[in-house]
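First comes the structure, then the notes that go with it.
The values are calculated or read from the model by the stated rules, or taken from the named source; none is laboratory data. Keep in mind that this is a model prediction, so the values were computed, not measured. Neighbour counts are summed over all protein chains in view; Cβ atoms, including those assigned to glycine, are modelled from backbone coordinates with ideal geometry.
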Amino acid sequence: METDANSRLVQYLNTYVNTKQEAYGYEGWQVRRHLVLLSYLRHLKHSPFDLAVEAKKLAAKGDSVARVIEQQNQRNLVADSIQGIYIPRNLADSFVQLDKMLSEPVKEQLRHPDPEYGLAKFHFGLGLWMRNNWGLWGGSRLQKYLEELNITHPDNMSGVLLKSYSDYLNGKSLDENEYRHATIPRVADNPEQDSAAVVSQPQPKLKRSDYSKPYRQFLRKRRIDDFHELPPEAYGQEGEIVEVPE
């Protein structure tokens, strides 16, 4: 519907569209498209349409959603578990959890990384699972702890978790200062993306019955033998950008 960001129609709609829409998951073009389609729908129904009123409704909804997301994030920063997954407090606690979760073959691969890719081989397997399920994108006490070590990007956070755990498996003593400001390379040109990296919407609290049978088995066993065999939902919920409703 839009081809020119400087068109008269876009400039006209932008006088009504709240720029904060992008902060809670809707981009400006989505809101403009919704308003145009809604106006035409009202026209077909011979119903009144007030652009200023409808734009204010969307802005109010955006403010409400933003507050819910912020409240959810604040709760996650102190929670010991999110969606049924225990969140480690720090690097040492993550070692305890990984010891419980991972099979010996996976630990052996982490102890002796692939000579070509190194620990980057795990960026879209175990690393992806950590980023999505340990709240490295959406907020968690582990994310907050790593940020206090000046590790600010979730990719680097999962890289530090992998590197420190590999060192731990090789008998190296933990020194948090070694990982400050760390950046960890990842496998390039991988088509997969973290689902949680998409702008999030507030998620309802899930019950165990909402998960598939394979994932319920994972939740019960709390053990991972092969990340390639995990069902898609094990990597975290998809953060979809939904259409603006009428």
(Q) For the stretch 79-89, give me the residue count where each residue is in contact (Cβ under 8 Å) with a residue 12 or more places away in the chain and farther than 16 Å from G127 by Cα. (A) 6
Q: Would you mind stating whether D63 is assigned to a helix (DSSP H, G or I) and modelled with pLDDT of 90 or more?
A: no
Q: Among the residues of the stretch 80-107, write down those that are touching a Pro at 6+ places or on another chain (Cβ under 9 Å) and surrounded by fewer than 16 Cβ atoms within 10 Å (Cβ to Cβ).
A: V96
Q: Among the residues of the stretch 25-57, write down those that are aromatic (F, W, Y), under 27 Å from E70 (Cα atoms) and out of contact with any helix residue (DSSP H, G or I) (no Cβ under 8 Å at 6 or more places or on another chain).
A: W29
**Q.** G127 being crowded, with 19+ Cβ neighbours inside 10 Å, under 17 Å from the mean Cα position of the chain (by Cα) and within 30 Å of V31 (Cα to Cα)
**A.** no
Q | Every residue from the stretch 99-139 that is assigned to a strand (DSSP E or B), within 25 Å of D80 (Cβ to Cβ) and at pLDDT below 90 | A | none
(Q) I'd like the residue in the stretch 73-97 that is of a type outside the set (G, A, S) and assigned to a loop (DSSP other than H, G, I, E, B) and, out of all such residues, is nearest to E178 (Cα to Cα). (A) N90
**Q.** Residue count, the stretch 140-184 (criterion: under 19 Å from K107 (Cα atoms), of a type in the set (S, T, N, Q) and assigned to a loop (DSSP other than H, G, I, E, B))
**A.** 2
Q. Looking at the stretch 53-80, which of its residues are closer than 18 Å to Y145 by Cα and of a type in the set (D, E, K, R)?
A. R75, D80
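Go through the stretch 103-129 and report how many residues are touching a residue at least 40 places away in the same chain (Cβ under 8 Å) and either outside the structural domain of Q143 (by TED's automatic domain parsing) or among the polar types (S, T, N, Q) (or both). Walk me through how you get there before you give the answer.
The initial filter retains those residues of the stretch 103-129 that are touching a residue at least 40 places away in the same chain (Cβ under 8 Å), namely 103, 105-107, 110-111, 113, 117-129.
Subset that is either outside the structural domain of Q143 (by TED's automatic domain parsing) or among the polar types (S, T, N, Q) (or both): 103.
Residues in the stretch 103-129 being touching a residue at least 40 places away in the same chain (Cβ under 8 Å) and either outside the structural domain of Q143 (by TED's automatic domain parsing) or among the polar types (S, T, N, Q) (or both): 1 in total.
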Q: Residue by residue through the stretch 36-70, note down the ones that are among the acidic types (D, E) and surrounded by 15 or more Cβ atoms within 10 Å (Cβ to Cβ).
A: E54
